[in-house]
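None of the figures in this text is laboratory data; all of them are computed from the coordinates on show. Treat the numbers as computed from the prediction; the structure is a model and nothing was measured. Cβ coordinates were reconstructed from backbone atoms using ideal geometry, including for glycine residues, and neighbour counts include every protein chain displayed.
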Amino acid sequence: MSNWDTKKRTLGEELFDMGWKQGTLFVAPSACFYLNKLSSPETGEKIIQKKREAESSEIFILITQDCDFVASDADEPYFEAILCKHDKPKFVKTIKGNSTRRFVIDYDAGLVAYAMYRTQFDKKVLKKLKPEPWPNGPKRLDEFVRWLARRYDRPAIPDAMYKGFQRPIDAKIALLEQENPDVFAVFNRVVGDIRVNLPKSEEPPFDLQLILLINADGLSEEEDNAINIFKDIVRACIDQEIVHLDPEIRILTEESMSLKEFYATRPIYVADYTYRGEEIEGAPPHGRN
């Protein structure tokens, strides 16, 4: 027998064989979140811990990458998880496909992951819990993993670009969602990413090229119509003194987009970060049901 065969397995490896991996769901009703905050925001006397216990209806999802999860217990003694919750269909429909704060794991079940609520567990905890497999197929799991990375990968854009380009688009798309929810739902379903090149300067005017990265070739008439409506919205609402937009808004799939184009562009998101703010506080998941 080789040394490799006799090597002691890590706890993570044992748990992995039991079904624990990135994307596994589990219930841990006695778990809690801790936040370090000032005892007095005005005087800042000392740092205290604010505790929030998980509710009985809430679920956790393991987000630690598999390689880290099975690593040496000394190197990676803990795993990270974020909160999930079953929300009402009306609220789930408002979650945009490119949101960096919420991800719809299962539309039918209304199961939503909340990126802003995350905590750590000792790996030993999992031996006392039951792993529930990812509920929605490998493609959606791959989208979930990419969503996890987006929270830290999304770029900060200049304030002027936000005000003259993204903010008016956000406002018009929100109006489209209210006035024509069917068109909005189709667009949200077929377009995976709205990508734009990052400007070479922090000062306007910005020369921008917009790319819609769609999920599959062969658009239906309904999908093509939704995309054309979006194109018209973009062209009509941007500030042309701030943004010089290429007349062609390109439509590509993952297969047709070159690696060079991918690295030269970045996805834009609702409520994205700018250099000096414009960040919108995410509401806690209480009270959705």
Task: Residue-wise HN-Hα coupling along region 117-131, computed from phi with Karplus coefficients 6.51, -1.76, 1.60 (Hz; x: Gly, Pro) - done: 10, 10, 8, 10, 10, 5, 4, 4, 4, 5, 5, 9, 10, 9, x
TODO: Taking amide H positions as placed in the peptide plane 1.01 Å from N, state which residues far from Ala54 in sequence (5 or more) or on other chains have amide H under 5 Å from it.
DONE: Ala31, Cys32, Phe33
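Plugging the Kirkwood radius over Cα pairs into Stokes-Einstein for the chain, at a temperature of 10 °C and a viscosity of 1.306 mPa s, what D comes out in µm²/s?
Numbers: Rh = 21.5 Å.
Here the translational diffusion coefficient equals 74 µm²/s.
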Open item on the list: At 222 nm, what value in deg cm²/dmol follows for the chain if DSSP H runs of at least 4 each add -39500 (n - 2.57) and the sum is divided by all its residues, to the nearest 500?
Closed with: -8000 deg cm²/dmol
Open item on the list: Students often get this wrong, so check it: of Lys8/Lys123; Lys21/Lys128; Lys85/Lys127; Lys51/Lys85, which have C-alpha atoms separated by over 21 Å?
Closed with: Lys85/Lys127
Task: Members of Lys139/Lys260; Lys37/Lys90; Lys88/Lys260; Lys231/Lys260 lying beyond 32 Å, as alpha-carbon distances in this model show - done: Lys37/Lys90; Lys88/Lys260
- [ ] Show the residues, 5+ positions off or on another chain, whose built amide H is closer than 5 Å to the amide H of Met18.
- [x] none
Task: Value in Å of the Kirkwood radius, where region 40-150 supplies the Cα pairs that are averaged - done: 16.0 Å
- [ ] Calculate the length of the line joining the C-alpha centroid of region 56-91 to that of region 14-35, in whole Å.
- [x] 5 Å
Task: Three-way shape label, region 159-267, alpha-carbon gyration tensor, a/c 1.5 - done: oblate
- [ ] Provide the percentage of antiparallel DSSP beta bridges, counting only those with both residues in region 177-261; round to the nearest 5.
- [x] 40 percent
Task: Net dipole in debye of region 159-267 [+1 Lys, Arg Cβ; -1 Asp, Glu Cβ; about Cα centre; nearest 20] - done: 300 debye
- [ ] Please list the non-local residues whose amide H lies under 5 Å from the amide H of Thr24, H modeled 1.01 Å from N, same-chain partners needing a gap of 5 or more.
- [x] Leu62
TODO: Work out from phi, with θ = phi - 60° and the Karplus expression 6.51 cos²θ - 1.76 cosθ + 1.60, the ³J(HN,Hα) of each residue of region 245-255, listed in order in whole Hz, and give x for Gly and Pro.
DONE: 8, 4, x, 8, 8, 7, 10, 10, 9, 4, 6
Task: Projected area averaged over orientations for region 127-185, convex hull of C-alpha atoms, nm² - done: 7.3 nm²
